Amino acid sequence: MPVSGTMIAGLIVLKRSADDGLVAQLTQQLRQLIASGRLGKGSALPSSRRLAADLGVSRNTVTFAFEQLVAEGYLDMSHGRRAIVVLAGDERFAAPRSSPARARPTKPRLSPWALRLRQTDWPMSYQAPLRPLRPGHTDAREFPNEVWARCLRRSAVRAARREFGLINRPRLREALMHYLAISRGVRAAADQIMILPSAQAALTLIAATVIARAAPV
């Protein structure tokens, strides 16, 4: 039995907790009403403002659903008029005409530069130096491997010739003093800096210095 536009809200049930959004639910239910013949051809739907108020949704929800059904050919919504059903339930869209068979596209003709790519190792090398595209990461190919290897060999030779001394060397503490003053704003003397093997060792030393054994903390 066809229904009037004023009865549409009573046939639509929207669930806000459903996976499909309100627009998709409203569009699907209106489409089913038209396909089943409940909304006959020529029926006028309520205005978007009225239907939104009856359903308790925003006007945009109804407007988007109407626009989708207009695009599918179920509704016609001229400027200044309410949406009208233009497709009966037993009507079907005409099948699109089959397009004439097209000639099989040929492969594009490659340029000499593209043809030479097959003989190029990947990644390709260019005359201009490559710049890294990731912030904070440099091009590994720009690293001075030969200089680094010479420094490692020189350090290994010197380490083998001498015994390891104390880790709190004066020159290292002075270097740390200047670094902390510039980068962290820490004002300290070189003899106030202690170098420990780990953060846990530093916490243990601090605790042993200011906390007595078995004292509550």
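The values are calculated or read from the model by the stated rules, or taken from the named source; none is laboratory data. The structure presented is a predicted model; accordingly, all values stated were derived computationally and were not measured. So basically every Cβ, Gly included, is an ideal-geometry build from the backbone, and we count neighbours across all protein chains shown.
Observations on the model:
- Any hit, region 144-165, residues being surrounded by 10 or more Cβ atoms within 10 Å (Cβ to Cβ), modelled with pLDDT under 90 and outside any helix (DSSP H, G or I): no
- Flag if VAL57 is in the same structural domain as ILE12 (by TED's automatic domain parsing), modelled with pLDDT of 85 or more and not in a helix (DSSP H, G or I): yes
- The selection criterion, being part of a loop (DSSP other than H, G, I, E, B), modelled with pLDDT under 75 and surrounded by 10 or more Cβ atoms within 10 Å (Cβ to Cβ), holds for ALA88.
- Among the candidates ILE195, ILE182, residue that is out of contact with any His (no Cβ under 9 Å at 6 or more places or on another chain), surrounded by 10 or more Cβ atoms within 10 Å (Cβ to Cβ), modelled with pLDDT of 70 or more and of a type in the set (Val, Ile, Thr): ILE195
- In the set LEU26, LEU39, only one residue is surrounded by 13 or more Cβ atoms within 10 Å (Cβ to Cβ) and part of a helix (DSSP H, G or I); that residue is LEU26.
- Boolean, LEU176 is closer than 30 Å to LEU205 by Cα, modelled with pLDDT of 70 or more and within 45 Å of the chain's Cα centre (by Cα): yes
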